[in-house]
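The values are calculated or read from the model by the stated rules, or taken from the named source; none is laboratory data. Every value quoted in this text rests on a predicted model; they were computed, and no experiment measured them. Every residue, glycine among them, receives a Cβ derived from its backbone with ideal geometry; neighbour counts consider all protein chains shown.
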Amino acid sequence: MRPLSVVVRTGCDFFAWFMIVFGVNIVIHGYMTPGGGFQGGAIIATFLAFLLVAYGGKKVLSWVNEKIYEFLFEELGLICFFVLALLGIGNSFFYNFLASPLGAERTGIMSLISPAGTTVFMSIAVGIEVTGALSLVIIAMFRGIRQFAGPSLPEEEIGHDR
């Protein structure tokens, strides 16, 4: 896939960063508003699809290191999620040990943590994991275009390493 016009690339440069900010906002505030970790992670992963369409596969895939998405995002998100689930194991799995009863006075470090407790951190962990997983899916689907496009797309434009 070749890069699109300079107008499209300029629009991508301007608006793509808003997608990341909006996705992070959805992830962080997902425990109290519609949305959450999955929805915000999907919005953030759309940033990569936006870049692939505007700049073309050859350029974008030269920027992308899939190991970062695989190890840093996917594994970090899953590990954080399971650690948070296990931290409350004294009472039950996924026990919300950071939440305080309504009306309880919150002092010290607890005043910095949301009344929702671990729900916020679990939403962030899910957002990190979904960002990595969906970004890898987008890259795999983009590379799979060659199978259905036929010989009209050279291999170096799709981003195959073979």
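Evaluate the following for residue 51: is it among the hydrophobic types (A, V, I, L, M, F, W, C), modelled with pLDDT of 85 or more and under 25 Å from residue 119 (Cα atoms)? In short, no. Pairs meeting the criteria (first residue in the range 117-144 and in contact (Cβ under 8 Å) with a residue 60 or more places away in the chain, second residue of a type in the set (Asp, Glu) and part of a helix (DSSP H, G or I), beta carbons under 6 Å, at least 6 apart or on different chains) are 129/74; 132/74; 133/74. Among residues of the range 1-14 that are within 11 Å of residue 51 (Cα to Cα) and surrounded by 13 or more Cβ atoms within 10 Å (Cβ to Cβ), those with a Cβ under 6 angstrom from a residue that is modelled with pLDDT of 85 or more and of a type in the set (A, V, I, L, M, F, W, C), sequence gap 6+ or separate chain, pair up as 4/54; 8/54; 9/54; 12/50; 12/54. Inside the range 1-44, residues that are under 29 Å from residue 62 (Cβ atoms) and among the hydroxyl-bearing types (Ser, Thr, Tyr) make up a count of 2. Right, residue 94: under 26 Å from residue 139 (Cα atoms), surrounded by 13 or more Cβ atoms within 10 Å (Cβ to Cβ) and among the aromatic types (Phe, Trp, Tyr) or not? Taking the combined requirement at face value, the residue does not satisfy it. Taking the range 59-99 as the range and being in a loop (DSSP other than H, G, I, E, B), among the hydrophobic types (A, V, I, L, M, F, W, C) and on the phi < 0 side of the Ramachandran plot as the test, the residues that pass are 64, 89, 93, 97, 98, 99.
Only residues that are assigned to a helix (DSSP H, G or I) and touching a residue at least 24 places away in the same chain (Cβ under 8 Å) were counted across the range 27-58, and they come to 22. Taking the range 3-41 as the range and being under 19 Å from residue 119 (Cβ atoms) and among the small types (Gly, Ala, Ser) as the test, the residues that pass are 23, 30, 35, 36, 37, 40, 41.
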